[in-house]
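The values are calculated or read from the model by the stated rules, or taken from the named source; none is laboratory data. All of these numbers come straight from a predicted model, not from anything done at the bench. When we count neighbours, we look across all protein chains shown, and the Cβ atoms used for this are built from the backbone with ideal geometry, even at glycine.
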Protein chains: 2
Amino acid sequence: MGNKEQDACRAWQLLIKFYFVHRRELPAAETDCDLSPAQCHVLHLIEPGQPIPMGRLAELLSCDASNVTGLIDRLESRGLVQRRPLEHDRRVKALDLTPAGLHVRAQLLRHMTRRPLPLSRLSPEDQRTLVRILQRLVE
Amino acid sequence: MGNKEQDACRAWQLLIKFYFVHRRELPAAETDCDLSPAQCHVLHLIEPGQPIPMGRLAELLSCDASNVTGLIDRLESRGLVQRRPLEHDRRVKALDLTPAGLHVRAQLLRHMTRRPLPLSRLSPEDQRTLVRILQRLVE
DNA sequence: TATTGTTATACTCTATAACTATA
DNA sequence: TATAGTTATAGAGTATAACAATA
């Protein structure tokens with residue numbers, strides 16, 4: 001029967017609810033770092049030492065490329081991000097974190113993972129189980 | 001020891017990652033319904049038959065009250081939401097869904113729960129376990 | 001006087017369309 | 001001609017501060 005479907009659907013609904021409930025907690029971490037949600041997302045996506053083309057970033061953000069221009073303009077003017085044209089194709093501009101950007105990104109990740117409060121309601125076994133299941137979901 | 005802390009922290013990080021990965025999938029459901037993310041959030045929060053004061057909505061959205069004014073202006077001009085002053089305290093304006101709003105909200109929830117795809121990777125047992133654990137998290 | 005919501009203002013985020021530079 | 005990114009424009013989302021109406 002469709003029990004498996006039902007469980008998957010129910011889990012999906014719960015994850016969405018969790019998403020909504022906590023989408024209002026994450027911004028606290030973001031404003032702690034003086035970043036807008038979009039800027040936070042960008043910093044999260046630019047992995048240290050792995051320059052990423054602007055177009056690829058637009059894909060990951062699911063937004064228009066024109067958007068990325070302004071987003072990066074602001075981060076660059078704050079000294080957190082650098083544009084550099086690729087040697088073999090000068091149309092492409094690769095983004096990388098500056099030292100200051102690295103620092104803010106690390107701070108952001110610390111702040112975002114600072115409050116696992118609702119999770120402490122779970123038993124140790126459930127916490128381990130949740131970790132195992134989620135790892136499979138996001139891999 | 002700190003194992004419990006570690007598991008809670010790890011689970012939190014994974015949920016955040018899940019949040020980021022899927023924050024770009026949910027907007028598809030939102031634009032299907034021709035709603036912005038914020039409008040989607042509002043419709044999600046106004047439960048059918050349970051009028052909610054504007055200030056309470058600002059709390060739930062974790063945003064300034066002045067924001068809610070514009071947000072509701074736009075939804076009201078589209079005929080999805082109604083403002084009504086409470087009889088016993090006419091400062092307070094309670095929000096309720098119109099019939100059209102009810103319809104769009106139901107459509108939105110359907111679209112949002114339409115794709116439990118990554119969840120189908122999990123075994124039936126894991127799906128049930130995930131449901132049980134998440135229920136405790138969002139209750 | 002205190003509270004609820006609105007208005008005015010300014011900035012960020014977002015998409016569309018037209019454009020520039022490079023390939 | 002096609003692609004990567006930018007610019008111009010317009011509308012939505014957001015916060016702060018000053019305001020109006022009600023309590």
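Beta carbons closer than 9 Å, at least 6 apart along the sequence or on distinct chains, pair a first residue in the stretch A:74-85 that is exposed (fewer than 12 other Cβ atoms within 10 Å of the Cβ) with a second that is among the hydrophobic types (A, V, I, L, M, F, W, C) for A:Arg84/A:Ala94; A:Arg84/A:Leu95; A:Pro85/A:Val92; A:Pro85/A:Ala94. From the residues in the stretch A:86-109 that are within 10 Å of DNA strand C (Cβ to nearest atom) and of a type in the set (A, V, I, L, M, F, W, C), which one is surrounded by the most Cβ atoms within 10 Å (Cβ to Cβ)? Ranking the qualifying residues of the stretch A:86-109, first place goes to A:Val92. Away from DNA strand D (no atom under 14 Å from the Cβ), without any contact (Cβ under 8 Å) to a residue 12 or more places away in the chain and surrounded by 19 or more Cβ atoms within 10 Å (Cβ to Cβ), is that true of A:Leu43? No: the conditions fail for A:Leu43.
For the stretch B:1-115, the helices (runs of 4 or more DSSP H) that sit wholly inside it and include 2 or more residues that are within 27 Å of A:His44 (Cα to Cα) and at pLDDT below 95 are B:3-22, B:26-32, B:37-45, B:54-61. Would you mind stating whether B:Ala58 is without any contact (Cβ under 8 Å) to a residue 60 or more places away in the chain and within 16 Å of DNA strand C (Cβ to nearest atom)? Against the criterion (without any contact (Cβ under 8 Å) to a residue 60 or more places away in the chain and within 16 Å of DNA strand C (Cβ to nearest atom)), B:Ala58 qualifies.
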